[in-house]
Amino acid sequence: MTKHVSEIICIVCPLACRVSVAADDERHILEVDGFQCKKGKEYAVAEYRSPMRVLTTTVIATKSRHALLPVRTNRVIPRGKLINCMNYLAKIKVKPPLKAGDVIVRNILNLGSDIIAVGTLLD
Amino acid sequence: MNSAPIDVLVIGSGPAGMAAAIQARKSGSERVLLVERAEELGGLLSQCIHNGFGLIYFSEDMTGPEYGQKFIEKVMDSKIEVLLETMVLRLTADRKVTLCNRNGVQTLAPKSVVLTMGCRERARESIVISGYRPAGIFTAGTAQRWVNIEGYLPGKEIVILGSGDVGMIMARRLTLEGARVKAVVEILPYIGGLIRNEVQCIYDFNIPVLLEHTISNIHGIQRVNGVTVARLDQDKNPIPGTEKFIECDTLLLSVGLIPENELSFMAGVDLDPITGGPIVNERMETNVSGIYAAGNCVHVNDLVDNVTLEGEKAGQNAAEYASGKASQEMRIKLEAGENVRYVVPQMITGKREVTIRLRVKEPGRDVILRVGDIMAKKLKVVKPSEMLNLIVSAKHLKEIKKRTDKLVMSCQKES
Ligand SMILES: Cc1cc2nc3c(=O)[nH]c(=O)nc-3n(C[C@H](O)[C@H](O)[C@H](O)COP(=O)(O)OP(=O)(O)OC[C@H]3O[C@@H](n4cnc5c(N)ncnc54)[C@H](O)[C@@H]3O)c2cc1C
Ligand code: SF4
């Protein structure tokens, strides 16, 4: 068995500790080191297992004075799926009226997150 | 318009201006006028579509437009008079404000004024790079507007000069939109923005970062076709022989922000040469009586939450001034000492609790932040990119000796 060490920068507070996560070939975590508090350890483990992110972007608006509507995921999604969502959203067009919180795409790519408007779209 | 005199006139409707106007109304001002040159309220927030706003003020992670919307609604609900597409052209020391819009030019005489004009970006002209003047050179903020509001991509192969937050946010944004960010070039030996952005904008997308590098030449006549980057020596001069050509069609400059203060200057407001903004006291009052200032117009903030808090303070005190309350004597100067780049406010009474905001010059670990000899606080890390907030309580201020007229702020290694 080989031991793989990944370094994860904790972003929970400005200290930015460098936390190393050691794991085996199956990615089972063997040890975690370098954090200075519990939150940091939890963050590093979660980040190692599956980094999750909020996606913020825009979709094309038609029949509106605005060219675009800013949107985001209402829950975090796997980092590896950001680009897939971007490709999906490139094809979406929206019409007014829309306001912050309105759902634009429900359960995008079955990731368990909706795409919601964060701005107002007027005609 | 109403003919009663205006109590508080706020110039600029970004987060600072909206907070000032709302707070002025809450503090009892009858007529509050918010003047904005753009078509909408909100200042820069509408183009900052990423999240990370409101973590302090609302304990919630919001995007710029969402954060802005909360205040736009409050402005609408609080009987604030709003003038959009209206530019303030002139301000005098006796608070005559000249406005210009489609209806023409008019001069108003409010009882007090709040300056919340924000900041603008340094452009290529304010840094020196040799080469032609081809198309394809943008400030990062202009590119942000294009991509997030207008719906244009400034280019396909991009080099970004400057690793501040706006630069990093744009590196991610352009990558997500299908452009290739070929390098983020940073003069300093470390990345200039928040750690969150370093991880989620740069490392997440494997964007190459060249630290201690600069762009020594821009190539292309009609359109940018590449840049030359070079490593810097300790004196920040390019080291001969380290030049490298990077092919690209677009160069984004994210090389700093300058508080916008032509109006302040006209009115005789004293400016701090380091922050580039008005010298203010703990009430966010400038040296010109009845003129207050807040937000990026005073100093460049990295978190919008602090901008809102400053705006509220300015609005409240401007309202009190308008109602006839006299200003107080500020006798103690807060001076930037060892490893402190600047301190805001620059003047205090020494009588009531004050929140001091400051930036360090150099990053450090295990340092002690001192306020003269009255307070010392241990800090594990300090960075120029992360503004420090320090609350100095009335109890601490009691320690100030009678004749002291200045407190030197320093931030040094524990000895
Ligand atoms: C390009 C850019 C991008 C940024 N991105 C981020 C980010 O991603 N995240 C973040 O936390 N912070 C960001 N910031 C910082 C951000 O500016 C602040 O958090 C906040 O918006 C500052 O608020 P403000 O009210 O001081 O200024 P602003 O939001 O800049 O508002 C100033 C307002 O004053 C108006 N104005 C100026 N002069 C006049 C005049 N003479 N007459 C009438 N109106 C006038 C302007 O039109 C503007 O609406 C960015 C700053 C810049 C410059
Ligand atoms: S591990 Fe704890 S102390 Fe270190 S950066 Fe993370 S949250 Fe901060």
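The values are calculated or read from the model by the stated rules, or taken from the named source; none is laboratory data. What you see is a predicted model; the values in this text were computed from it and never measured. Virtual Cβ from ideal backbone geometry, glycine too; neighbours counted across all protein chains shown. Protein only, heavy atoms only, side chains kept; ligands, DNA and RNA dropped before computing areas. Shrake-Rupley method; radii C 1.70, N 1.55, O 1.52, S 1.80 Å.
The gain in end-to-end length when the B:Leu89 to B:Ala38 segment is fully stretched comes to 17.0 nm, 0.36 nm per residue minus the alpha carbon separation. Positive-end ranking of A:Tyr88, B:Gly164, B:Thr286 along the dipole of the protein assembly as shown, with charges on Cβ about the Cα centre, is headed by B:Thr286. Note on B:Ile137: accessible area is roughly 40 Å² with a 1.4 Å probe, heavy atoms of protein only.
In this structure, B:Tyr190 and A:His4 have a Cβ-Cβ separation that, at R0 = 25 Å, corresponds to a calculated FRET efficiency of about 0.35. Taking every residue in A:59-67 and counting other chain Cβ atoms within 10 Å of its Cβ, the average works out to 1.
Label positions at A:Lys99 and B:Glu262, each projected 7 Å from the Cα along the C-beta direction, are separated by 3.7 nm.
Once phi is turned into θ = phi - 60°, what whole-Hz ³J(HN,Hα) does the Karplus curve with 6.51, -1.76 and 1.60 give for every residue of segment B:19-31, x standing for Gly and Pro? Computed from phi, the couplings for segment B:19-31 are 4, 5, 5, 4, 5, 5, 5, 4, 8, x, 5, 6, 10 Hz.
Under 5 Å between amide hydrogens, built in the peptide plane, is the criterion, and for B:Asp302 it picks out B:Met387 among residues at least 5 positions away or on other chains. The shape of segment B:123-255 comes out oblate: with a ≥ b ≥ c from the C-alpha gyration tensor, a/c is at least 1.5 while a/b does not beat b/c. With helices as the sole contributors, the protein assembly as shown gives -5000 deg cm²/dmol at 222 nm; each DSSP H run of n ≥ 4 counts as -39500 (n - 2.57), and the sum is divided by every residue. Between chain B and chain A, roughly 2300 Å² of accessible surface gets buried, counting both sides and using a 1.4 Å probe. Rounded to the nearest 20 debye, the dipole magnitude of chain A is 680 debye, with +1 charges on Lys and Arg beta carbons, -1 on Asp and Glu beta carbons, and the Cα centre as origin.
Between A:Asp33 and A:Met52, the simple spin-label model (points 7 angstrom out along Cα→Cβ) gives 2.9 nm. Label sites at B:Glu329 and B:Thr98, each approximated as a point 7 angstrom past Cα along Cα to Cβ, lie 3.8 nm apart. Do you know the Lys pair count in chain A for C-alpha distances under 23 Å, with sequence separation 8 or more or different chains? Lysine pairs satisfying the spacing and distance rule in chain A number 8. Note on B:Lys313: lysines with a C-alpha under 22 Å away, same-chain residues under 8 apart excluded, are B:Lys26, B:Lys70, B:Lys74, B:Lys79, B:Lys111, B:Lys325, B:Lys333, B:Lys351, B:Lys395.
With point charges of +1 on the Cβ of Lys and Arg and -1 on the Cβ of Asp and Glu, referenced to the Cα centre of the protein assembly as shown, which listed residue (B:Phe205, A:Val118, B:Gly277) lies farthest in the positive direction of the dipole? Sorting the options by dipole projection puts first A:Val118. Against the criterion of solvent-accessible heavy-atom surface with a 1.4 angstrom probe, B:Glu81, B:Glu40, B:Glu285 sort, most first, into B:Glu40, B:Glu81, B:Glu285. Evaluating 6.51 cos²θ - 1.76 cosθ + 1.60 at θ = phi - 60° for every residue in segment B:91-99, the Karplus couplings come out as 9, 10, 5, 9, 6, 8, 10, 9, 10 Hz, glycine and proline recorded as x. Within straight-line reach of B:Lys236, meaning a Cα separation under 29 Å, sit the following lysines at least 8 residues removed in sequence or on another chain: B:Lys182, B:Lys244, B:Lys361, B:Lys380, B:Lys383, B:Lys413. A prolate overall shape is assigned to segment A:4-49, the ratio a/c of its alpha-carbon gyration tensor axes (a ≥ b ≥ c) being 1.5 or greater and a/b exceeding b/c.
Compute the Cα gyration tensor for chain B, then decide on rounded, prolate or oblate, letting a ≥ b ≥ c be the square roots of its eigenvalues: rounded whenever a/c is under 1.5, prolate when a/b is larger than b/c in the other cases, and oblate in all that remain. Oblate.
Longest span of chain B, sites excluded, free of trypsin sites (Lys or Arg not before Pro) in DSSP loop with at most 11 other C-beta atoms within 10 Å? With trypsin sites (Lys or Arg not before Pro) excluded where exposed in loops, chain B gives B:103-235 as its longest stretch. The antiparallel fraction among DSSP beta bridges confined to segment B:1-121 stands at about 50%.
If the chain linking B:Gln412 and B:Ser393 were pulled fully straight, counting 0.36 nm for each residue of separation and taking away their Cα-Cα distance, it would gain 4.7 nm.
Applying the Karplus relation 6.51 cos²θ - 1.76 cosθ + 1.60 with θ = phi - 60° to segment B:148-160 yields 3J(HN,Hα) values of 8, 10, 7, x, 10, 9, x, x, 10, 10, 10, 10, 10 Hz, where x marks Gly and Pro.
A Förster radius of 60 Å combined with the Cβ-Cβ distance from B:Arg120 to A:Glu26 puts the calculated FRET efficiency at roughly 0.65.
Remark: relative contact order (segment A:4-49) = 36 percent; criterion is Cα-Cα distance under 8 angstrom and separation of 6 or more residues. Looking at the protein assembly as shown, the DSSP beta bridges with both ends there are about 65 percent antiparallel.
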